[in-house]
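Visitor: Below is one structure. I have some questions about it.
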Amino acid sequence: MAYLEIKNFYKSFGQTKVLKGIDLSLEKGEVVSIIGSSGSGKTTLLRCINFLETPNEGTMTLDGELLFDGSVKKAEKEKFLREKRLNFGLVFQSFHLFPQYTVLKNITLAPTLLLKKKVKDYKKQLKNKAKLDNSLTKKQIAEMVSIFKKENLEEIKSDSLALIKKIGLEEKINSFPCELSGGQCQRVAIARALALKPKILCFDEPTSALDPELTGEVLKVIRSLKDEDRTMIIVTHEMGFAKNVSDKIVFMADGVVEECGDPQTVLTNPKSKKLIHFLSSVTNKDGE
Amino acid sequence: MDFTTITLKLLEGFLTTCEIFALTLVSALPLGLLIAFGSMSKFKPLKILVRGIVWIIRGTPLMLQIIVIYYVPGLVFHIGLLPRLIAVLVAFTINYACYFSEIYRAGIESISSGQYEAGKVLGMTKSQVFFKVVFVQVIKRIIPPMSNEIITLVKDTSLARVILVAEILKNAEDFVAWGLVYPLFYTGVFYLLFVGLLTIIFGKLEKRFAFVTEGSSAIKVRRKLSLKTKISTFIGSIMIVSAVAIAVIIGLICICL
Ligand SMILES: Nc1ncnc2c1ncn2[C@@H]1O[C@H](COP(=O)(O)OP(=O)(O)OP(=O)(O)O)[C@@H](O)[C@H]1O
Ligand SMILES: [Mg+2]
């Protein structure tokens, strides 16, 4: 069984059927690019994978664990949804950075909030242990908890600094999002998603909101992630990049996977009419 | 009746005015947020109830509400009257909380769903998303309408005199019995100074939140104003306000003589 396995995803909004039975599989360390014309359901698929939408049908397993099963009709508890979401990261087309925080705080915020819960659990665990064998005094527990917290905070800080270095924004570390260019914002958004160490990172047209001269810097960062063997799903309109970076290309049309395979075959040797049409319309646009 | 006595008497009233203002603000700001949540609730009955209350409160005069809260418990239910100041505070708090709630609601609804979703995919809880991500942005957006409403509150405090609370305007009016009209105009100076001060504070707040703007357009933010500009804006604002105040006083004295 593949690392990520999506089977038979259906999703409709009221009367509009958007996903009509999507199958998608992905190995660890692989990069999949999803291409397809506007309205074919690419964003909806990513949102379903990230638990922002609930598919009407279908299953999703990650690393052997069943994360979603459409046949179970009961709504999932918020808490479990949250835990499941953490398996994935999502980079939005329009960044959605938190405008009131600096670059650094944007990246550290979510891990710091998660740490609170972690610290609480750790404290509980120590207390239970103390109850059992009376080995720890209250003071000792408090001390251990504060050390635990401090160590973790330092780790978050150093991880974040490393990420900022990776995206090449050391000088902007204390800037606010409104002081950054679009390309810089998107790089911060990527770092923010990476800070939670997701198993799979999803991109929804990460360069579509950018001026052409800014796409390069973002694509370079994604490229470097590929070199680290991260598992990624990238929705993109950049054909050249998709061909370059992906191990597999999925072409979606009208809510189904129309064609799928390695980049060479799919892009240079398309079989279905829709894909031939799509590719010619994309290349025409590039030619202008 | 010399000028000093009158000034002292007005100051005494002004203290009550400030008291009504401050206590109303402190209680209506959080209550308003609560009402805003109620009016956006997914639980239909609660939403309808809250919106109904807001409609009634905003649809009737504050003066009427003060009178009702002061007299109705005693005259209709025979359980004695509330102390006057308390009655005023209750009426003001409810009234202003309803107005504030609509401002909060507009602010909250103006935040793009992208911000909520960004928080969600980063594993935040609902309350974390609201308080860590959305709330500051809401505050930034509501500062202008809130300042408007708060400035109105300064002047609405004068309605307290309808149940004989000795705020500044009532104290001034009492002098009319002595044949003195100018204290009435003199109160204007107090109101103007107070509102002037608030205007400066709100202006500062707006600047402070300037960076809170979603979108990538490069708005240049001066994060730290230099000390010199700080001092000069401060002195400038004080001068403008005092100039207005002095002009008013001189004008009044001229009229009275
Ligand atoms: N929340 C929603 N409610 C109703 N319809 C929706 C909703 N979200 C998406 N749709 C519809 O689903 C269809 C697919 O949308 P989706 O955003 O997934 O397309 P896409 O492939 O990402 O397109 P694009 O390339 O333009 O981003 C569209 O027809 C859209 O109108
Ligand atoms: Mg899309």
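The values are calculated or read from the model by the stated rules, or taken from the named source; none is laboratory data. The shown structure was predicted, so the numbers you read here are calculated from the model rather than taken from an experiment. Don't worry about glycine lacking a Cβ; one is built from the backbone with ideal geometry, like all the others, and counts go over all protein chains shown.
Visitor: With A:Phe51, A:Phe13 as the choices, which residue is within 14 Å of chain B (Cβ to nearest Cβ) and either crowded, with 23+ Cβ neighbours inside 10 Å or within 16 Å of ligand 1 (Cβ to nearest atom) (or both)? Outline the logic, then answer.
Guide: Details: A:Phe13 fails: within 14 Å of chain B (Cβ to nearest Cβ).
Sole residue among the options that is within 14 Å of chain B (Cβ to nearest Cβ) and either crowded, with 23+ Cβ neighbours inside 10 Å or within 16 Å of ligand 1 (Cβ to nearest atom) (or both): A:Phe51.
Visitor: If you check B:Glu12 against the conditions, is it touching a Lys or Arg at 6+ places or on another chain (Cβ under 9 Å) and either surrounded by 12 or more Cβ atoms within 10 Å (Cβ to Cβ) or within 30 Å of B:Val138 (Cβ to Cβ) (or both)?
Guide: On the way: touching a Lys or Arg at 6+ places or on another chain (Cβ under 9 Å): no; either surrounded by 12 or more Cβ atoms within 10 Å (Cβ to Cβ) or within 30 Å of B:Val138 (Cβ to Cβ) (or both): yes.
Criteria not met by B:Glu12.
Visitor: Separate question: Scan region B:64-82 and report the pairs whose first residue is on the phi < 0 side of the Ramachandran plot and of a type in the set (A, V, I, L, M, F, W, C) and whose second residue is assigned to a loop (DSSP other than H, G, I, E, B) and surrounded by 15 or more Cβ atoms within 10 Å (Cβ to Cβ), with Cβ atoms within less than 8 Å and a gap of 6+ or a chain change.
Guide: Short answer, once both residue conditions are applied: B:Ile69/B:Leu82.
Visitor: Out of (1) farther than 25 Å from A:Lys117 by Cα; (2) within 11 Å of another protein chain (Cβ to nearest Cβ); (3) crowded, with 16+ Cβ neighbours inside 10 Å, the odd one out for A:Arg187 is which?
Guide: It fails just one condition, (2).
Visitor: Can you go through A:Ser25, A:Ser37 and tell me which one is surrounded by fewer than 23 Cβ atoms within 10 Å (Cβ to Cβ), more than 14 Å from chain B (Cβ to nearest Cβ), within 11 Å of ligand 2 (Cβ to nearest atom) and in contact (Cβ under 8 Å) with a residue 12 or more places away in the chain?
Guide: Among A:Ser25, A:Ser37, only A:Ser37 is surrounded by fewer than 23 Cβ atoms within 10 Å (Cβ to Cβ), more than 14 Å from chain B (Cβ to nearest Cβ), within 11 Å of ligand 2 (Cβ to nearest atom) and in contact (Cβ under 8 Å) with a residue 12 or more places away in the chain.
Visitor: Pull up region A:1-10, narrow it to residues that are under 27 Å from A:Leu219 (Cα atoms) and of a type in the set (A, V, I, L, M, F, W, C), then point me to the one that is farthest from ligand 1 (Cβ to nearest atom).
Guide: Quick first cut of region A:1-10, residues under 27 Å from A:Leu219 (Cα atoms) only: A:2-6.
If we keep only those that are of a type in the set (A, V, I, L, M, F, W, C) as well, we get A:2, A:4, A:6.
Values: A:Ala2: 23, A:Leu4: 19, A:Ile6: 15 Å.
In this case the residue turns out to be A:Ala2.
Listed here are the residues, each with its yes/no results for (1) in contact (Cβ under 8 Å) with a residue 40 or more places away in the chain; (2) within 14 Å of chain A (Cβ to nearest Cβ); (3) farther than 27 Å from B:Cys98 by Cβ.
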position: B:Gln128; (1), (2), (3): no, yes, yes
position: B:Val138; (1), (2), (3): no, yes, no
position: B:Glu149; (1), (2), (3): yes, no, no
position: B:Ser158; (1), (2), (3): yes, no, no
position: B:Ala166; (1), (2), (3): yes, no, no
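Visitor: If you don't mind, there's one more thing I want to ask. How many of the residues making up region A:190-238 are buried (at least 19 other Cβ atoms within 10 Å of the Cβ) and within 16 Å of ligand 2 (Cβ to nearest atom)?
Guide: Within region A:190-238, residues that are buried (at least 19 other Cβ atoms within 10 Å of the Cβ) and within 16 Å of ligand 2 (Cβ to nearest atom) number 12.
Visitor: Further question on the same structure: All but one of (1) of a type outside the set (Asp, Glu); (2) touching a residue at least 12 places away in the same chain (Cβ under 8 Å); (3) in a loop (DSSP other than H, G, I, E, B) hold for A:Leu136; which doesn't?
Guide: (2)
Visitor: Return the residues of region A:243-265 that are farther than 15 Å from A:Val31 by Cα and touching a residue at least 12 places away in the same chain (Cβ under 8 Å); say none if nothing qualifies. I'd like the intermediate steps shown before the answer.
Guide: Going residue by residue through region A:243-265, those that are farther than 15 Å from A:Val31 by Cα are A:252-259, A:265.
Result: A:Met252, A:Ala253, A:Asp254, A:Gly255, A:Val256, A:Val257, A:Glu258, A:Glu259.
Visitor: Which of (1) away from ligand 1 (no atom under 16 Å from the Cβ); (2) outside any loop (DSSP other than H, G, I, E, B); (3) over 16 Å from A:Glu5 (Cα atoms) is the odd one out, the single condition A:Phe68 does not satisfy?
Guide: (3)
Visitor: Continuing with the same structure: For region A:60-93, how many residues are touching a residue at least 24 places away in the same chain (Cβ under 8 Å) and in contact with a Cys (Cβ under 9 Å, 6 or more places away or on another chain)?
Guide: Number of matching residues: 5.
Visitor: Would you confirm whether any residue within region A:74-88 is within 30 Å of B:Gln137 (Cα to Cα) and assigned to a strand (DSSP E or B)? Break it down stepwise before answering.
Guide: Looking only at region A:74-88, we keep the residues that are within 30 Å of B:Gln137 (Cα to Cα), and these are A:76-88.
Filter again for assigned to a strand (DSSP E or B), leaving A:88.
Yes - at least one qualifying residue is present in region A:74-88.
Visitor: Being closer than 30 Å to A:Lys77 by Cβ and either of a type outside the set (Gly, Ala, Ser) or assigned to a helix (DSSP H, G or I) (or both) is the requirement here; does B:Leu33 meet it? Let's see the steps before the verdict.
Guide: Working: closer than 30 Å to A:Lys77 by Cβ: yes; either of a type outside the set (Gly, Ala, Ser) or assigned to a helix (DSSP H, G or I) (or both): yes.
Yes: the conditions hold for B:Leu33.
Residue-by-condition table, conditions (1) of a type outside the set (A, V, I, L, M, F, W, C); (2) under 30 Å from A:Glu179 (Cβ atoms):
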site	(1), (2)
A:Gly58	yes, no
A:Asp63	yes, no
A:Lys79	yes, no
A:Leu86	no, yes
A:Val91	no, yes
A:Leu113	no, yes
A:Leu126	no, no
A:Lys157	yes, yes
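Every residue, every condition in (1) more than 11 Å from every other protein chain (Cβ to nearest Cβ); (2) touching a Gly at 6+ places or on another chain (Cβ under 9 Å); (3) surrounded by 20 or more Cβ atoms within 10 Å (Cβ to Cβ); (4) over 15 Å from B:Gln128 (Cα atoms), yes or no:
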residue: A:Glu76; (1), (2), (3), (4): yes, no, no, yes
residue: A:Arg85; (1), (2), (3), (4): no, yes, yes, yes
residue: A:Leu90; (1), (2), (3), (4): no, no, yes, yes
residue: A:Phe95; (1), (2), (3), (4): no, yes, yes, yes
residue: A:Gln100; (1), (2), (3), (4): no, no, yes, no
residue: A:Asn106; (1), (2), (3), (4): no, no, yes, no
residue: A:Thr112; (1), (2), (3), (4): no, no, no, no
residue: A:Lys118; (1), (2), (3), (4): yes, no, no, yes
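Visitor: Another question, if that's okay. Out of the helices (runs of 4 or more DSSP H) lying entirely within region B:161-257, which hold 1 or more residues that are at pLDDT 85 or above? It would help to see each step written out before you state the result.
Guide: On the way: elements: B:168-174, B:182-208, B:227-256.
It comes to B:168-174, B:182-208.
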